[in-house]
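> One structure is given below, represented as structure tokens, and several questions about it will come after.
The values are calculated or read from the model by the stated rules, or taken from the named source; none is laboratory data. Since we're looking at a predicted model, the values are computed, not measured. Every residue, glycine among them, receives a Cβ derived from its backbone with ideal geometry; neighbour counts consider all protein chains shown.
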Amino acid sequence: MKIDNLDLEIIKHLQGNARLSFRELGRKLGVPHTTIFTRAERLLKRGIIKKFSAIIHPHDLGLKFSILFINAPASESKNIANEVAKHPEVRKVFRTVDGKIIAKVVVPNHGHKGLEEFLTKLNGYNMSVYPIHEVTKFEHDIPVELLKGLDFYRDK
């Protein structure tokens, strides 16, 4: 699927405020709201936009998060990553080429007790655990400048 400047503008504005109505976005971009609706639906169907949601910062709610680095044999890392991902406390899971698994875990802020209780569920994995003390940057959007450099962007 190719995307153009209008698609990028829609993505940019919805990343900034997913509650923006298509009518209001159409006015901002100078196109009919029906065009915005059609384009947004196409971006959803094609998987460019995954979903519209509220972004909540765990620390603002009194939750703690940690990063886990699991050293898994490359041949087993996909299965281990899938097992780790099944836990509701696990919010993101990544695998590296060499078999390492990186997971973001969110737990109640009960000192180290919440994290320790969760880690008992992962008994047996060779891992390093890094409780996050402070968040310096917490972004989920992808800058439009990066999207313009991708192969699916047609106005290069």
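> Give the residue, chosen from I11, I48, I101, that is β-branched (V, I, T), closer than 26 Å to E134 by Cα and either part of a strand (DSSP E or B) or under 18 Å from the mean Cα position of the chain (by Cα) (or both). Full working, then the answer.
On the way: I11 fails: closer than 26 Å to E134 by Cα; I48 fails: closer than 26 Å to E134 by Cα.
Checking each option against the conditions leaves just I101.
> I'd like the full set of residues that are of a type in the set (A, V, I, L, M) and either in a helix (DSSP H, G or I) or not assigned by TED's automatic domain parsing to the domain that holds I70 (or both), limited to region 108-128.
Of the residues in region 108-128, the ones of a type in the set (A, V, I, L, M) are 115, 119, 122, 127.
Within region 108-128, L115, L119, L122 meet the criteria.
> Which numbered condition in (1) touching a Gly at 6+ places or on another chain (Cβ under 6 Å); (2) assigned to a loop (DSSP other than H, G, I, E, B) is the only one that I36 fails?
Result: I36 passes all but (2).
> Could you tell me whether K137 is of a type in the set (K, R), part of a loop (DSSP other than H, G, I, E, B) and out of contact with any Phe, Trp or Tyr (no Cβ under 8 Å at 6 or more places or on another chain)?
Criteria met by K137.
> Do you know which residues across region 69-83 are touching a residue at least 24 places away in the same chain (Cβ under 8 Å), in contact with a strand residue (DSSP E or B) (Cβ under 8 Å, 6 or more places away or on another chain) and either within 30 Å of L147 (Cβ to Cβ) or assigned to a loop (DSSP other than H, G, I, E, B) (or both)?
Quick first cut of region 69-83, residues touching a residue at least 24 places away in the same chain (Cβ under 8 Å) only: 69-75, 77, 80.
Then drop every residue that is not in contact with a strand residue (DSSP E or B) (Cβ under 8 Å, 6 or more places away or on another chain), which leaves 69-72, 77, 80.
Within region 69-83, F69, A72, S77 meet the criteria.
> Which residues, counting only those in region 132-156, are surrounded by 13 or more Cβ atoms within 10 Å (Cβ to Cβ) and either closer than 14 Å to S66 by Cα or among the charged types (D, E, K, R) (or both)? It would help to see each step written out before you state the result.
Taking region 132-156 first, the residues surrounded by 13 or more Cβ atoms within 10 Å (Cβ to Cβ) are 132, 144, 147-148, 153.
Correct list: I132, K148.
> Among the numbered conditions (1) touching a helix residue (DSSP H, G or I) at 6+ places or on another chain (Cβ under 6 Å); (2) free of Cβ contacts under 8 Å to residues at least 60 places away in the same chain; (3) over 30 Å from K2 (Cβ atoms), tell me where F65 comes up short.
It fails just one condition, (2).
> Between residues in region 1-19 that are on the phi < 0 side of the Ramachandran plot and residues that are at pLDDT 95 or above and not in a helix (DSSP H, G or I), which pairs lie under 9 Å by C-beta distance while being six or more apart or on different chains?
L6/V31
> Just checking, which of K45, K104 is within 24 Å of L14 (Cβ to Cβ), modelled with pLDDT of 90 or more and either exposed (fewer than 12 other Cβ atoms within 10 Å of the Cβ) or not charged (D, E, K, R) (or both)?
Numbers: K104 fails: either exposed (fewer than 12 other Cβ atoms within 10 Å of the Cβ) or not charged (D, E, K, R) (or both).
Being within 24 Å of L14 (Cβ to Cβ), modelled with pLDDT of 90 or more and either exposed (fewer than 12 other Cβ atoms within 10 Å of the Cβ) or not charged (D, E, K, R) (or both) holds for just one of K45, K104, which is K45.
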